[in-house]
Structure formats: structure tokens, C-alpha cells
Amino acid sequence: MKTKVCVQGLGFVGSAMAVAVASSKLKKFEVVGVDLENTLGKDRVNKINNGIFPFETTDKKIKSHLYRCWKQKKLVATHNKKVYELADIVLMSLPFNLTSLKGNNISAEWDHFISAVEDVSSRVPKHCLVILQSTLLPGTIVKKVIPLFKENFLARGIIEDPLIAYSYERVMPGDKYFDSIVNNYRCFAASNKVAEKRCSEFFSSFINVKVYPLLKLSNFETAEVAKIMENSFRAVNIA
């Protein structure tokens, strides 16, 4: 039986993750990429549904893997949010931008992010594991994401706690983009033991964990800070 994985957000990272998951040789995944029904989103969905990676890239692997998965009907794309209703796993791969930083006051573009969380939390079944990948302000998952999931679950008569995990992307741009997903260290944090186990099993199915073992972090805040520190390290080195 195939596991249905929805990837929310078909930017470069989301599209590449969709390809990596669909390419798994250890587990049968049926991957559906979901994007907005605007000009950019329509272009991305149309290209993926024609076996074409939706961005310019020098990585031949990502192109060939996408084409193979498309031919095998393991990867499709859509604008229809109802696909979340049948998902076993949802990967949220969304932009999260700061608009200003003045002293201790931080402004962020919350509307798009919260709307995306609403789209998922109001539709996924109770057994669905939701994994966030974005760079987030520390405290975002505990203070905003989980409360919104619980609120929407209760509104739908679901009393179980949502299964939430956070594992930020660690991709390296260039001609080895695909390899930087499947052959790279990755850390994660989860809301409970069930989410922790399923998150570990999921990433272990397409990442070479024998060489690059997963690192479980103690809480969401630690993982959120780790992502910001990594981004800062990269920015300094690029500068």
C-alpha cells in the first residue's frame, strides 16, 4: 500500500523535496505537490505534470528523477487543497519572511504562513503527520502552529493531539542539489513519541541515514534556533 505524501509549496525546495520523496527505493510513496492557483503556481503545477522540473537548474539528477517519477505516476501536482484530506504525511515547504527588524521588534509576513497552516489543519485526517521545513522565528510552532491545529481539530470533532514535526531543509544550490537532500545530515523535533517515530521512519526512507544519521532534538525551539544559526553561518561565509 502506498503512502500518500503532500508537499505544500512548490518553490525550488518544495519541488526538489517532492522529487526526492517520490524517488525513494525503500518505500512506495504517492507524492502530490500543491501550489497556489496564481501565475507562478500554475506554471509550476503545469511543468511538473509534464515531467519538467519547474526551475532552471544545472542538476541533471533532479531532472531525470522527476521525469522518471512522472512517467511512473509517482508524482503529480495540483491546486486542489482537498488532497490534504487523504494525506498520510504533509510536508510544508513555505517561504517565511521577516519584513523588518528594529531593535527588539520583529515584523514577519504572518498572513501567508498562517493561511497555509489553516489549509492543512482544517483538512488533514487525525493520523496525518505534518512536517514543517521553513525557517521560523523561535516559538512559532509551539505558540502558533500547534494551537491552530488543535483549534481546527476540535472544530472537526477530533480530540487527538496533532502529529507535528519540524525538520528544516539543508539543501545546497548547484549541480548536486538532489544529492544534498538524500546525502546530508538532518535534524528534527516532534510533538510526541508517535510523531517522532514516524518522522524518523519517513526521512530514513529516502535519506542515506547509514552514512548521515538523523539527529533528534529535544524540542521545537532548539530546532528553530538551529536553523537560524545555520542560515547565519551560511550568510557570513557567502559574504
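Laboratory data are not the source of any read-out in this text; all were calculated from the coordinates shown. The model shown is predicted, which means the values in this text are computed figures rather than measured ones. Counting neighbours? That spans all protein chains shown, and the Cβs are built from the backbone with ideal geometry, glycine included.
Here are some notes:
- Counting only DSSP beta bridges whose two residues both lie in region 1-134, roughly 20 percent are antiparallel.
- Sorted from longest to shortest, the spans of the Cα atoms of region 108-190 along the three principal axes equal 47, 29, 19 Å.
- Counting charges near Ile52 (Lys, Arg +1; Asp, Glu -1) among other residues having Cβ under 14 Å from its Cβ returns a value of +4.
- Only helices enter the 222 nm calculation for the chain: every DSSP H run of n ≥ 4 contributes -39,500 (n - 2.57), and dividing by all residues gives -12000 deg cm²/dmol, rounded to 500.
- With the charge dipole of the chain set up from +1 on Lys and Arg Cβ and -1 on Asp and Glu Cβ about the Cα centre, the Cα lying farthest toward the positive end among the listed residues Phe55, Ile164, Asn183 is that of Asn183.
- Given Lys42/Lys176; Lys126/Lys193; Lys63/Lys176; Lys47/Lys74, the pairs whose alpha carbons are separated by over 20 Å: Lys42/Lys176
- Local net charge near Asn192, Cβ-Cβ under 15 Å (Lys/Arg +1, Asp/Glu -1): +2
- Cα-only Debye scattering, the chain: base-10 log of I(q)/I(0) at q = 0.11, 0.14 Å⁻¹: -0.54, -0.92
- Taking the Cα centre of the chain as reference, the dipole from Cβ charges on Lys and Arg (+1) and Asp and Glu (-1) amounts to some 900 debye.
- Taking the Cα centre of region 156-223 as reference, the dipole from Cβ charges on Lys and Arg (+1) and Asp and Glu (-1) amounts to some 160 debye.
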